[in-house]
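Since every read-out is calculated from the coordinates, none of them should be taken as a lab result. All figures in this text were calculated on a predicted structure; none of them were measured in a lab. Note that we place each Cβ from the backbone using ideal geometry, even for glycine, and neighbour counts take in every protein chain shown.
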Amino acid sequence: MSTQLITERVATRRRSLRARAVAALGPLTMLGGVCWAFLQPYRITLLHPHDQGFWWLFVQPPLLAVLVGVVFALFVAPGVIEDLQAEER
Amino acid sequence: MEPPAEHVHWLFATGFLLLGLCLLARALVGEDVWSRRPWRAYLWPSLLFLMGVLMWPVMVFYTNSMIHMVAHGAWAQTMMLAGAAELGLVRGKLHNVAWRLAMPLALVVSGVAILVHEQNGWLFSRAAFLHHVIGWTALIGALFPLIGAFRRRSPVWSSGFAITFVVIAVFLYSDRDVAPIFGHLSPLAGEQHR
């Protein structure tokens, strides 16, 4: 195998790693939020909504972390990966 | 009707987390790919500017002393300045490399303000500890955009810059109005919340 081919393959693998890393950012953030919810379930006031004020119901940190992951994964990451793959070609 | 202070910290943590993820993706793919779609190029500076704007109501409604008001006002101004400078650079209205120093300036001013306005020691309460640790994180984190301003292509500095915001988000999510830190809680801090 020629040196040029090996170099190209290594470069392609590195680039695809970048795409995978971008794709993983959203799910990893969601996973972090879910793990936090299991570690501190009392932070999810939806599980016990009685006698909770508006802000305790509206702002639930583990859910906010999951929401950030969802927003990033749905609205930002796909376009970035698409543009990265176009650049690679 | 105002949210407790810890809720405000969590909302800002959410903004910083989204900002950090965008910057991390930008660091991974490079500025050229990130800026292929114009809306995406404007995304993180706009988010930073918006967070600066939203800091003003925090300054008005949550400051109980002059030093708190000055600190929050300084954050609001420098976050808006950094966001606006980056918007100007992305739009092509600003060209001088010195405008890229607005971001490290914002982090240095924020770091100093947060350290100066925390009057209690590290182990007074969790909030006091987080003020100290966020202040130092911002100060040290300022090195990344400072060096990155002159070494634009290096992923190390842009990744470090992005991770700074993710770390600040984690610290802000850890904030509680009155809670112990490593088992320490000063009796002067008040009654512990949940």
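Entry note, the protein assembly as shown: the mean residue ellipticity at 222 nm calculated from DSSP H runs of n ≥ 4, each adding -39500 (n - 2.57), is -24000 deg cm²/dmol after division by the residues and rounding to the nearest 500. Paramagnetic label reach from B:Ser65 (point 7 Å along Cα→Cβ; backbone nitrogen cut-off under 14 Å): within the stretch B:166-193, residues B:189. For the stretch B:46-63, the residues whose backbone nitrogen is under 19 Å from a point 7 Å from the Cα of B:Lys93, taken along Cα to Cβ, are B:46-54. With the cut-off at 1.5 for a/c, could you classify the stretch B:122-194 from its C-alpha gyration tensor as rounded, prolate or oblate? Prolate, because a/c is 1.5 or more and a/b exceeds b/c. Modelled spin-label separation between B:Ala5 and A:His50, with each label point placed 7 Å from Cα along the Cα-to-Cβ direction: 3.3 nm. Have a look at B:Val178, B:Val33, B:Val133 and tell me which one the Gaussian network model of chain B (Cα, springs below 10 Å) gives the largest fluctuation. Most flexible of the set in this elastic network: B:Val33. Each Cα pair under 8 Å and six or more residues apart adds its separation to the average, and for chain B the resulting relative contact order is 28 percent. Shape analysis of the protein assembly as shown yields a ratio of the Cα radius of gyration to the Kirkwood radius, Rg/Rh, of 1.01. As a calculated quantity, the FRET efficiency between A:Ala86 and A:Leu28 at R0 = 30 Å, using C-beta atoms, amounts to about 0.80.
As a proxy for reagent exposure, ranking B:Ile114, B:Ile67 by other Cβ atoms within 10 Å from fewest up yields B:Ile67, B:Ile114. Neighbour counts of other Cβ atoms within 10 Å put B:Asp32, A:Asp51, B:Asp177 in the fewest-to-most order A:Asp51, B:Asp32, B:Asp177. Measuring how big chain B is from its alpha-carbon positions, Rg and Dmax come out at 17.1, 55 Å.
Spin-label model, B:Val116/B:Ile147: points 7 Å from Cα along the beta carbon direction are separated by 2.7 nm.
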